[in-house]
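K.L.:
I'd like to ask some things about the structure below.
Just so it is clear, none of the values below were taken in a lab; they were calculated from the coordinates. It should be emphasised that the depicted structure is a prediction, and the values quoted were computed from it without experimental measurement. So basically every Cβ, Gly included, is an ideal-geometry build from the backbone, and we count neighbours across all protein chains shown.
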Amino acid sequence: MLATYLPVLLILLMTITFATANLVITRLLGPSRAGGSVKSMTYESGMNPVGTARKRFNVRFYLIAVVFLVFDVEIIFLYPWATTFANLEPGSQDSAIWLGRIMFFLATTVVAYLYGWRKGVFKFD
Amino acid sequence: MSIIEKVQYIWPEIAMFIATCVVMVLGLSPSLAIRRLCSPVCGAALVIAGLLAVMGPDTAPAALPHLMPYAKVIVAGVGLLLLLLLAGTVDREEESLIATGRARFNPLRTNRAEFYAFFLFSLTGVMLCASASDLIWLFLALELTSLPTYIMVTVSTRGRSHEAGVKYFFLGALGAATFLYGFAMLYGGTGTTDLSGIRQHFAEHGINSIAMLGLLLSVLGIGFKIAAVPMHFYTPDVYEGAAAPVSAFLAFVPKTAGFLAIMLIASLPGWGYGPVAGADGVIRDGLGAGASLPEALRLTLWVMAALTMTVGNVLALWQNSVKRILAYSSIAHSGYMLVGIIAGPVGERFIDNGLAAVLFYLLAYGVMNVGTFAVLACLEKSGGAALQSGARSTGLETGATTEIETVDDLRGLCRTHPAMGWTMVLCSLSLLGFPPLLGFMGKFPLFTAGIAAGEIPLVIVLGINSAIAAFYYLRLVAAPLLEDPSPASPPATPTPFPARPMAALLSAASVLILVGFAGVLMKQSAKAGETVVSPGHTAGRGASDGVAAWNP
C-alpha cells in the first residue's frame with residue numbers, strides 16, 4: 001500500500017536535492033564579487049528597467065485583458081477536443097455528437113463575443 | 001446514463017440558457033424599446049421552460065424518479081413572480097437620466113442585461129439541481145445557482161449592498177468549499193461520482209467512515225444555501241443590504257436548490273436504516289432494519305433542524321427592520337423543512353411523505369415570501385440612510401428615496417395603501433401558518449410526516465417554534481391592520497413600476513386561491529416525492545414498481 005507512494009517520495013527527495021544542490025554549488029563554484037551597479041539591477045542580464053513599477057495604465061487594458069483571458073481559455077479547450085476527435089473511428093455515430101458538442105461550445109463563444117461587442121469593449125476612442 | 005441520453009431531461013434548462021444568451025445581448029441595445037424586451041424575454045423563457053418540463057419525460061432513472069417536472073414547474077412559476085418584482089431594480093437611475101436627456105446610453109455603465117441574464121442563469125441552476133445524476137453535475141448546478149446571486153446582490157442598490165455582496169460571496173465560498181470537500185470524500189469512499197452508483201455501493205457494502213464524513217460535510221455545506229445553522233450568519237445582513245426584490249429572490253432560489261440537493265444527498269443512503277444486531281451481538285446501524293436515515297446523518301440533520309428553527313425564530317423577535325425579520329423567518333422556515341427531510345418518505349400517502357411535504361412547502365414558501373418582500377419593494381419614502389452612504393451623489397429625485405424598512409413604516413398601511421397592507425397581512429398570516437391559508441397547508445404535512453416517522457421530540461420543537469413565530473408575524477399583521485400611520489416617519493409613496501404591485505397582488509391572491517387547488521398540488525408533490533425502493537428496504541416504504549427503474 002505504502003509502496004505506491006514511493007514515486008511521490010522520490011520526487012520529493014529529488015526536488016529538495018535539486019534546490020539545495022543549486023544553492024550550494026553556486027556558492028562553491030561561482031566567483032564572488034562585491035555588488036556593483038549592474039549586479040544590483042532587477043534584471044542583471046536583461047533590459048534596463050525604466051521608471052517606477054507603480055505606473056498608471058489606461059483602465060481599458062483591464063477590459064482587453066479580461067476578454068483576452070476568456071477567449072484564450074476557450075480556444076485552449078479546442079486542442080484536447082481536436083486530438084480526441086481525430087482518433088474517433090471514421091464514420092462512427094459518435095462523430096456527429098462530438099462535432100455537435102464543440103459547435104455548441106463555439107456558439108457560446110460567439111455569444112460572449114457579441115456581448116463584448118455590444119458592451120463596447122472593442123471600441124477605442 | 002450518458003450525457004446524450006440525459007439531454008431529453010434538460011430541455012427546459014436548454015431553453016432558459018438560450019434565452020439567457022439573447023437577454024445578455026438585448027439589454028445592451030442603445031434603443032430603449034429593445035432594452036425593455038429583457039424582462040418579457042425572461043418571462044417567455046420561464047413559461048416555455050415550465051411547459052417543456054410538463055411535456056418532458058415524467059420518469060427518470062434516479063432516486064426520486066418524478067422529481068424533475070414538479071421541481072422545474074414550481075421554479076418557473078415562482079420565477080415569474082420574482083421577475084415581475086425585479087422590474088426597475090438595477091437601472092432606475094440610469095434610465096431616468098437617459099429619459100430626461102441628462103445622459104447618453106453607455107453600455108459599460110448599465111447593468112440591466114447582466115442582471116436579467118444572471119436571474120435566468122440562477123434559475124437554470126436550480127432546474128439543473130433537480131436533474132442532477134452526478135456529484136460533479138450537482139456541484140456545478142449549485143454553483144450556477146449561487147454565483148449569479150452574489151453579483152445580483154452587489155449591483156441591486158447603492159451603498160450597503162456592496163458590503164452585503166462581499167459578505168455573501170466569502171461565506172458562499174466557504175459553504176461551497178465545505179460541500180465540495182464532502183463530495184470529494186463521497187467519491188473517495190465509494191469510487192464513483194454517479195449518484196446511482198454511490199447508492200448501489202452503499203446498499204451492497206454499507207457506508208464506510210470516509211463516505212459518512214462526506215455525507216455530513218455535504219449536508220453542512222449545502223446548509224449555506226438554505227441558510228441553516230451553523231451556516232446562517234450571512235442571512236440578515238445580506239437580505240437587509242440587498243434591494244427587497246433581490247432579497248425575495250435570495251430567500252427562494254438558493255433555498256430551493258439547496259433543498260433539492262439535500263434530498264438527493266439524503267437519498268444516497270436512503271431512509272431504511274435502523275439498529276441491527278451483528279453476528280457478534282453488537283448493535284449497529286444497518287440498512288433495511290428500520291425507517292430512518294443513517295444515525296449519524298439523522299442526528300446531524302436533527303440538530304441542524306432544531307437549532308435552525310429556534311435561532312431563526314428567537315432572533316427574529318428582537319428585530320425592528322422588516323427585512324431582518326423576514327431574513328430570520330427564512331432561516332426558521334429552512335428548519336421547518338429540514339423536519340421533512342429527516343422524516344423522509346415514510347409512506348405513499350402525501351401526509352406520510354416528508355419529501356413531498358418539503359416540495360409542497362417550497363412552493364408555498366416561495367409564493368408567500370415574494371408577497372411580503374413585494375410590499376417592501378412597492379413602497380418607498382423620501383430621505384434615508386442610502387443617501388448618506390450612497391457612493392455616487394447625483395442630486396436626483398430618484399436617489400432621494402429609499403425602500404420602507406422598519407415595522408413603523410408599515411403602520412396603518414391597510415388604510416393608506418390598502419392593496420399593499422392587505423398583501424402584507426395575508427402573506428404574514430400565511431407564513432405564520434394561519435389555518436385556511438396556503439402556509440398552513442404547507443406546514444401541516446411537515447407535522448404529520450414527522451409524527452409518521454416517529455420523530456416526536458422534533459415535532460414538539462416544531463410546534464413550539466410555530467408558536468414563537470406568532471409573536472413577530474403578528475407584529476407584521478397588526479402594524480398595517482390595527483395601528484395608525486406613524487406621524488414621525490415620512491409617508492410612503494408607491495414606486496413607479498406597475499409590475500411590482502402586480503407581483504404583490506398575485507402572491508396575495510395565490511396564498512388564497514392556491515388553497516383551492518391544494519388537492520392537485522399535494523397530489524403532484526406526493527408524486528414528486530416518491531422514492532424508489534433501495535434493495536435492502538423493507539416493505540411499506542416508497543413505490544414498489546420503482547425497482548425496475550432503480551437498477552439500470
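K.L.:
Going by amide H atoms built from the backbone, whose H comes under 5 Å of the H on B:Thr157, apart from near neighbours?
P.N.:
B:Ala243
K.L.:
Mind running the shape call on the protein assembly as shown? Use the C-alpha gyration tensor, a ≥ b ≥ c as the square roots of the eigenvalues: rounded below 1.5 for a/c, prolate if a/b tops b/c, oblate otherwise.
P.N.:
oblate
K.L.:
Moving to a separate point now. Which of the lysines could a cross-linker span from B:Lys527 if the Cα-Cα distance has to be under 19 Å and same-chain partners fewer than 8 positions apart are dropped?
P.N.:
Reachable lysines: B:Lys72, B:Lys443.
K.L.:
Please give the net charge around B:Val7, taking every other residue with its beta carbon less than 14 angstrom from that of B:Val7, where Lys and Arg add +1 and Asp and Glu add -1.
P.N.:
0
K.L.:
Still on this structure: Can you tell me which of B:86-93, B:212-219 comes out highest on packing, and rank the rest after it, using the mean Cβ neighbours within 10 Å?
P.N.:
Going from most to least packed, we get B:212-219, B:86-93.
K.L.:
What order do you get for B:Lys225, A:Lys119 when you list them from fewest to most C-beta neighbours inside 10 Å?
P.N.:
Listing B:Lys225, A:Lys119 from fewest to most nearby Cβ atoms yields A:Lys119, B:Lys225.
K.L.:
Okay, next question. Quick one: which residues, 5 or more positions from B:Val90 or on another chain, have an amide H under 5 Å from its amide H? H modelled 1.01 Å from N in the peptide plane, none for Pro or chain starts.
P.N.:
none
K.L.:
Where does helix B:354-378 land angle-wise versus the long Cα axis of chain B, in degrees 0 to 90, nearest 10?
P.N.:
10 degrees
K.L.:
While we're looking at this one, here's another question. Compute the long axis of helix A:6-29 from its Cα atoms, compare it with the longest principal axis of the Cα atoms of chain A, and write down the angle in degrees, 0 to 90, nearest 10.
P.N.:
So the inclination is approximately 40 degrees.
K.L.:
Then there is this: Modelling each spin label as a point 7 Å along the Cα-to-Cβ direction, I'd like the A:Trp98/A:Lys123 distance in nm, to one decimal.
P.N.:
Between A:Trp98 and A:Lys123, the label points sit 4.3 nm apart.
K.L.:
For every helix of n ≥ 4 consecutive DSSP H residues, a contribution of -39,500 (n - 2.57) applies; sum these over chain B, divide by its total residues, and give [θ] at 222 nm rounded to the nearest 500 deg cm²/dmol.
P.N.:
-21500 deg cm²/dmol
K.L.:
Among B:Met368, B:Met424, B:Cys378, which residue has its Cα positioned farthest towards the positive end of the charge dipole of chain B, with +1 placed on the Cβ of Lys and Arg, -1 on the Cβ of Asp and Glu, and the dipole taken about the Cα centre?
P.N.:
The Cα lying farthest towards the positive end belongs to B:Cys378.
K.L.:
Which lysines does B:Lys381 reach when only Cα atoms under 25 Å apart count, and residues fewer than 8 places away in its own chain are ignored?
P.N.:
Of all the lysines, those that pass the test against B:Lys381 - Cα under 25 Å, at least 8 places apart if same chain - are B:Lys323.
K.L.:
Return a whole-number percent for the relative contact order of chain B, with Cα pairs under 8 Å and 6 or more residues apart as the contact set.
P.N.:
Across chain B, relative contact order equals 16 percent.
K.L.:
Taking the Cβ-Cβ separation of A:Glu44 and A:Thr20 as r and a Förster radius of 25 Å, what is the calculated FRET efficiency to the nearest 0.05?
P.N.:
0.65
K.L.:
Then there is this: What value, in deg cm²/dmol to 500, does the helix sum -39500 (n - 2.57) over DSSP H runs of n ≥ 4 give at 222 nm once divided by the residues of chain A?
P.N.:
The helix contribution divided over chain A gives -20500 deg cm²/dmol.
K.L.:
Tell me the net charge near B:Ser334. Cut-off is 15 Å between Cβ atoms, B:Ser334 excluded, with +1 for each Lys or Arg and -1 for each Asp or Glu.
P.N.:
Value of the local net charge: +3.
K.L.:
Could you tell me how many degrees, from 0 to 90 and to the nearest 10, lie between the Cα long axis of helix B:112-131 and the main elongation axis, the longest principal axis, of the Cα atoms of chain B?
P.N.:
20 degrees
K.L.:
A further question on this structure: Taking the Cα centre of region B:54-106 as the origin, how large is its charge dipole in debye, to the nearest 20, when only Lys and Arg (+1) and Asp and Glu (-1) carry charge on their Cβ atoms?
P.N.:
Details: 4 positive and 5 negative charges, 10 e Å.
Here region B:54-106 has a charge dipole of around 40 debye.
K.L.:
Which FRET efficiency value, to the nearest 0.05, do you get for B:Ser209 and A:Phe77 by plugging their Cβ-Cβ distance into 1/(1 + (r/R0)^6) with R0 = 45 Å?
P.N.:
With R0 = 45 Å, the Cβ-Cβ based efficiency is 0.75.
K.L.:
Once you put a point 7 Å from the Cα of B:Leu108 and another 7 Å from the Cα of A:Leu2, both along the Cβ direction, what distance in nm separates them?
P.N.:
My value for the distance between the label points is 6.1 nm.
K.L.:
Report P(r) for region A:60-118: all Cα-Cα distances, bin width 5 Å, range 0 to the bin holding the largest distance, values in whole percent.
P.N.:
P(r) for region A:60-118, in whole percents per bin: 4, 16, 22, 20, 14, 11, 7, 4, 2, 1.
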